[in-house]
């Protein structure tokens, strides 16, 4: 080994510090409405300035990884629905990708396009929840009624029509999708996409360029690019720092290589940039859905796969771009009907860690603005 | 870089490191898999993180597998610059007191992921600044993801 001192290291300020003994202690949560679930953050302050923050989690822990060891592969898809419950479609998809990679099965083209359409609709629905709840966090209630109560409901209606469920879908299956789209569904999606362009303009006037909202979020909670990568941040939070990274482009899965779209990036990685990137992503998703609908041809929606199957011995990892970032499944198989070990790489859990260093130095009133802008789902943090 | 080029770059510095070969008929990705000893892990991580040709700046995930006779800690590394990948595996033979050096000083993102492994499988990470349970309550007995874990019957059993 060469001289240790010549090896560069990560800048020391990126490391968190355990809570100092001095200062006022504030326990935020676990039942605080702005923590979006049950998360507790133990905050120490000096006057109005946060000096340390330690998230305390596990309130929603359901031992998904342990449960998976006792279930067959198709049964696990149901468990993945319950991770990030605002984006169950992409959870299903990520797990199926990992199993399909290990089994090396081919997916019919129509099923792949249907996956892209529901996956992107899910991204819009998930970002609508973010937009609504983030508005409430900052003090604007109307966007919630518009984005959450109107547009997301329409997407859930479309999902209900294609798979019968509104929240936990179990739609994407190993080898394809559960069922083909019903008669007239594609036309309804097209109608929704057309109208959504107008709604996005409405969001810009309601919230994006609202001076009060901008004052509360611009230049707040800045994250540098170097810091974001070191902490493993993915998804819109990483792109807000100006870093172009998207699993759909970097490590394409499904048929994303056949579709053209941009990766919106922010400038300085503050709360407003993180918000703005999500709004732009909705626009890109609409473009993707349009192209997928154009390219989709009639055909099979399920590959040739036996009713009971075994996954070959070995291991596999597949990941995709979920609404909150890089969601992956690492599966170790011993040839039996259930996995020997399944590990979930959850974007929310990894993104949340940075709170320990990100909150430091900001005012107590900014804590909610920063926490909300990271957009976590506790079902996935605790699993 | 291709897997062979990554391997030769690393082996130029660490001649003893061996690739884990792919077994015919077994499922595995096309990433490069390396077997590392716990003693060498930290220095190797420093090297692959800061070497300009390799530049594995992004640690995707850390996890562990209980193989009944031993534990295995798996590190999945990605370079955001070169878009190549590397999987490191550390074998931990000692089941009563399993210990691996922490790499949270190289990639801070390992902070909570190592805490989760400690919480679920009881592998200690030497040098971790805050190694305590993260998802389970502090007074929980045993490590649930171990294969020999016997759950304590509660009022629902």
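Values for this structure:
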item: Residue in the stretch A:98-131 that is farthest from residue A:147 (Cα to Cα), counting only those that are buried (at least 24 other Cβ atoms within 10 Å of the Cβ) and within 14 Å of chain B (Cβ to nearest Cβ); result: A:102
item: Count of residues meeting criterion [touching a strand residue (DSSP E or B) at 6+ places or on another chain (Cβ under 7 Å), crowded, with 18+ Cβ neighbours inside 10 Å and either facing chain A (nearest Cβ under 10 Å) or not in a loop (DSSP other than H, G, I, E, B) (or both)] in the stretch B:120-145; result: 3
item: Where residue A:292 falls short, out of the listed (1) more than 18 Å from the chain's Cα centre (by Cα); (2) within 14 Å of chain B (Cβ to nearest Cβ); (3) at pLDDT 90 or above; (4) farther than 26 Å from residue B:20 by Cβ; result: (2)
item: Residue A:187 being modelled with pLDDT of 90 or more, within 28 Å of residue A:265 (Cβ to Cβ) and out of contact with any strand residue (DSSP E or B) (no Cβ under 8 Å at 6 or more places or on another chain); result: no
item: Any strands (runs of 3 or more DSSP E) falling wholly within the stretch A:297-383 and containing at least 3 residues that are crowded, with 23+ Cβ neighbours inside 10 Å and more than 9 Å from chain B (Cβ to nearest Cβ); result: A:314-322, A:325-333
item: Yes/no for residue B:80 being facing another protein chain (nearest Cβ under 9 Å) and touching a residue at least 40 places away in the same chain (Cβ under 8 Å); result: no
item: Tally of residues being in contact with a strand residue (DSSP E or B) (Cβ under 9 Å, 6 or more places away or on another chain) and either more than 10 Å from chain A (Cβ to nearest Cβ) or under 29 Å from residue B:146 (Cβ atoms) (or both) across the stretch B:41-57; result: 7
item: Number of the condition not met by residue B:100 [criteria: (1) free of Cβ contacts under 8 Å to residues at least 60 places away in the same chain; (2) outside any loop (DSSP other than H, G, I, E, B)]; result: (1)
item: The listed residue being buried (at least 22 other Cβ atoms within 10 Å of the Cβ), over 22 Å from residue A:364 (Cβ atoms) and without any contact (Cβ under 8 Å) to a residue 60 or more places away in the chain, out of A:277, A:265; result: A:277
item: The one condition in (1) under 28 Å from residue A:235 (Cβ atoms); (2) assigned to a strand (DSSP E or B) that residue B:72 fails to fulfil; result: (1)
item: Extreme residue, surrounded by the fewest Cβ atoms within 10 Å (Cβ to Cβ), among residues of the stretch B:9-29 that are within 18 Å of the chain's Cα centre (by Cα) and within 11 Å of another protein chain (Cβ to nearest Cβ); result: B:20
item: Yes/no for residue B:86 being more than 9 Å from chain A (Cβ to nearest Cβ), under 17 Å from residue B:11 (Cβ atoms) and in a strand (DSSP E or B); result: yes
item: Candidates B:41, B:54, B:34, filtered to the one that is within 12 Å of the chain's Cα centre (by Cα) and surrounded by 21 or more Cβ atoms within 10 Å (Cβ to Cβ); result: B:34
item: Among (1) touching a strand residue (DSSP E or B) at 6+ places or on another chain (Cβ under 8 Å); (2) more than 12 Å from chain A (Cβ to nearest Cβ); (3) crowded, with 16+ Cβ neighbours inside 10 Å - the single one residue B:70 does not satisfy; result: (3)
item: Qualifying positions in the stretch A:191-240 - touching a strand residue (DSSP E or B) at 6+ places or on another chain (Cβ under 8 Å) and farther than 30 Å from residue B:81 by Cα; result: none
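The values are calculated or read from the model by the stated rules, or taken from the named source; none is laboratory data. Owing to the predicted nature of the structure, the values given are computational and were not obtained by experimental measurement. Using ideal geometry, Cβ is built from the backbone for each residue, glycine included, and neighbour counts are taken over all protein chains shown.
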